[in-house]
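Asks: Below are the C-alpha cells for one structure; questions will follow.
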Amino acid sequence: QVQLVESGGGLVQTGGSLRLSCVASGTIFSIDVMGWYRQAPGKQRELVARIISGGSTNYADSVKGRFTIARDNAKNTVYLQMNNLKPEDTAVYYCNAEGVATMLRTFNTWGQGTQVTVSS
C-alpha cells in the first residue's frame, strides 16, 4: 500500500557529494521513522541514518560528520546529503519508512534502492 522511490544516486569521485531523496506515497496516515540503509556486495545491509518525525536523528559511526539526514514531513520525503564520499561508501542505498497507513495499519516499507559508486 505504501511505496518508496529513491533518487539521486550515481557515480562520483572520492571527496565528492551526492544528495539522495526518497518520497513515500500511498495510503499513509503518518510516518514515524524514515531512514537510509546501504548494502555493499558481499556485506549485510547496515543502517546509515534515521530520523524520527520529531526531528531526532542517529547515524552510523562511519558516516558521522559527513552525511546529514533530513525530512520534509509535509511531503513525506527524506533526504540524505552525503559529503566527502569515500570508496567504502559504495553500495546500494535503500530508503525505509515506518508508520501508520489508513485504517490504523502499521507499515514498514523499503524502496527499490539506488546505486552509489565512489571511485578512487
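Per-residue answers, yes or no, for (1) touching a Leu at 6+ places or on another chain (Cβ under 6 Å); (2) open to solvent by 50 Å² or more (accessible area, probe 1.4 Å); (3) outside any loop (DSSP other than H, G, I, E, B); (4) aliphatic (A, V, I, L, M):
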residue: Gly35; (1), (2), (3), (4): no, no, yes, no
residue: Lys43; (1), (2), (3), (4): no, yes, no, no
residue: Val48; (1), (2), (3), (4): no, no, yes, yes
residue: Gly55; (1), (2), (3), (4): no, no, no, no
residue: Val63; (1), (2), (3), (4): no, no, no, yes
residue: Thr68; (1), (2), (3), (4): no, yes, yes, no
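Asks: Restricting the stretch 1-18 to residues that are open to solvent by less than 40 Å² (accessible area, probe 1.4 Å) and part of a strand (DSSP E or B), which is farthest from Phe107 (Cα to Cα)?
Replies: If we take residues in the stretch 1-18 being open to solvent by less than 40 Å² (accessible area, probe 1.4 Å) and part of a strand (DSSP E or B), then Val12 is farthest from Phe107 (Cα to Cα).
Asks: OK, next. Of the conditions (1) without any contact (Cβ under 8 Å) to a residue 12 or more places away in the chain; (2) touching a helix residue (DSSP H, G or I) at 6+ places or on another chain (Cβ under 7 Å), Gln44 satisfies every one except a single condition; which number is it?
Replies: Evaluating Gln44 over (1) without any contact (Cβ under 8 Å) to a residue 12 or more places away in the chain; (2) touching a helix residue (DSSP H, G or I) at 6+ places or on another chain (Cβ under 7 Å) leaves (2) as the failure.
Asks: Another question, then. Just need a number here: residues in the stretch 78-106 that are open to solvent by 10 Å² or more (accessible area, probe 1.4 Å), touching a Lys or Arg at 6+ places or on another chain (Cβ under 8 Å) and either part of a strand (DSSP E or B) or at pLDDT below 95 (or both).
Replies: 4
Asks: A follow-up question, please. If you scan the stretch 19-33, which residues turn out to be within 18 Å of Ile52 (Cβ to Cβ), buried (at least 16 other Cβ atoms within 10 Å of the Cβ) and touching a Gly at 6+ places or on another chain (Cβ under 7 Å)?
Replies: Cys22, Ile28, Ile31
The values are calculated or read from the model by the stated rules, or taken from the named source; none is laboratory data. Because the structure is predicted, anything quoted here is derived from the model rather than measured. Don't worry about glycine lacking a Cβ; one is built from the backbone with ideal geometry, like all the others, and counts go over all protein chains shown. Heads up: the accessible areas ignore ligands, DNA and RNA and are worked out on the full protein's heavy atoms, side chains in. Shrake-Rupley method; radii C 1.70, N 1.55, O 1.52, S 1.80 Å.
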